1. Could we say that Q81 is open to solvent by 10 Å² or more (accessible area, probe 1.4 Å) and modelled with pLDDT under 95 here?
2. Can you name every residue in the stretch 89-106 that is away from the ligand (no atom under 12 Å from the Cβ) and either open to solvent by less than 50 Å² (accessible area, probe 1.4 Å) or of a type in the set (A, V, I, L, M, F, W, C) (or both)?
3. From G176, G183, which residue is modelled with pLDDT under 95 and not in a helix (DSSP H, G or I)?
4. With within 15 Å of the ligand (Cβ to nearest atom) and at pLDDT 95 or above as the only criterion, which of V260, V267 stands out?
5. Pick from the stretch 113-152 the residues that are part of a helix (DSSP H, G or I), within 9 Å of the ligand (Cβ to nearest atom) and over 21 Å from A185 (Cα atoms): which of them is most open to solvent (accessible area, probe 1.4 Å)?
6. Pick from L76, L110: which is of a type in the set (A, V, I, L, M) and away from the ligand (no atom under 13 Å from the Cβ)?
7. Looking only at the stretch 45-54, decide whether some residue is outside any helix (DSSP H, G or I) and open to solvent by 20 Å² or more (accessible area, probe 1.4 Å).
Amino acid sequence: MTDRYAVIGNPIEQSKSPLIHSAFAQVTGQDIDYTKLLAPLGGFAQAVGAFRAAGGRGMNVTAPFKLDAFAYATDLAPSAQMAGAVNAMKFEGDKVYAENFDGVGLVRDLVHNLLCPIQGRRVLILGSGGATRGALLPLLAEAPAEVVIVNRTVAKAQELADLAHRHHNGRVTVRGMGYADVGEAFDVVLNATSASLTAELPPLPVSAFALGCLAYDLTYGKGLTPFLKLARQSGVTRLADGVGMLAEQAAEAFEWWRGVRPDTTAVIERITVPLA
Ligand code: NDP
């Protein structure tokens, strides 16, 4: 019997998840049907309930429902607890298991696809929203030399740094600050703000880009964003967007649901928008 999965969001038309999961199903020989589900704002629980009642086995969750999914879940994985948000659910009877694979997807893209090890590196993350929260523990697990979180609303960066420090038992230094206080250079600079969605540029000093660093914009499919343009103009030659992260978090969910890990290479090639 064909097992049903879906991605739920609002809007949802733009989602690449059906394309990605259908490709994964094809290469792994899994019999699944994966669709887009548009839920009205305030209608998350009802839409998920109807999907489960119709035999749905699992869901990806995208904006603006990641917090609704957090509240809806019966069993939250540590990744979801730390992120305060859920991006994948698995339904088994009355149980709703919930995960957040964004952070592990990011790290897998950095380390395996882009061959950019985190261990011993100095990492700067721009933004203090859900994407940064989700990325922190997987990044810290790689034992970087230091992680600095920089945000427009400075208090949020500091709170998140304190939280990460506590969860990680203080083994790696994590600091939160405002853009004006970024005085050093970093080996990995991650733009986890939503600024690129509206072609805006966070006020990052160019001195933040160390020689030979990787500049990575978690936003994907926008070509050369203002952040990546700034990095290139500052002499950075290693640029990437979040397309690999998207594919890798999907692969994590697919493996969690189906017990088989798909290779992401072909999917990444297919959905990549050139950085030009
Ligand atoms: P949130 O809305 O939770 O957080 C947005 C963050 O961006 C906040 O820290 C906000 O700062 C900051 N910000 C917004 N505009 C600006 C600006 N003009 N200048 C400086 N800072 C700004 O978003 P998410 O964390 O959920 O997502 C962030 C990005 O990551 C999105 O573009 C999203 O598409 C991408 N993403 C990509 C994924 C992938 O698979 N590739 C997965 C998940 C997310 P403040 O706190 O001061 O308001």
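1. Yes.
2. Correct list: M89, K90, F91, V96, A98, E99.
3. Only one candidate qualifies: G183.
4. V267
5. R133
6. On the way: L110 fails: away from the ligand (no atom under 13 Å from the Cβ).
Only one candidate passes the filter, namely L76.
7. The answer is yes; a qualifying residue exists.
For every residue, the table says whether it meets (1) within 22 Å of the chain's Cα centre (by Cα); (2) within 16 Å of the ligand (Cβ to nearest atom).
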{"residue": "G42", "(1), (2)": "no, no"}
{"residue": "A50", "(1), (2)": "no, no"}
{"residue": "G58", "(1), (2)": "yes, no"}
{"residue": "V61", "(1), (2)": "yes, yes"}
{"residue": "L67", "(1), (2)": "yes, yes"}
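The values are calculated or read from the model by the stated rules, or taken from the named source; none is laboratory data. The structure presented is a predicted model; accordingly, all values stated were derived computationally and were not measured. Ideal geometry is used to build each Cβ from the backbone, glycine not excepted, and the neighbour counts take in all protein chains shown. All accessible areas refer to the heavy atoms of the entire protein, side chains included, with ligands and DNA or RNA removed. Shrake-Rupley method; radii C 1.70, N 1.55, O 1.52, S 1.80 Å.
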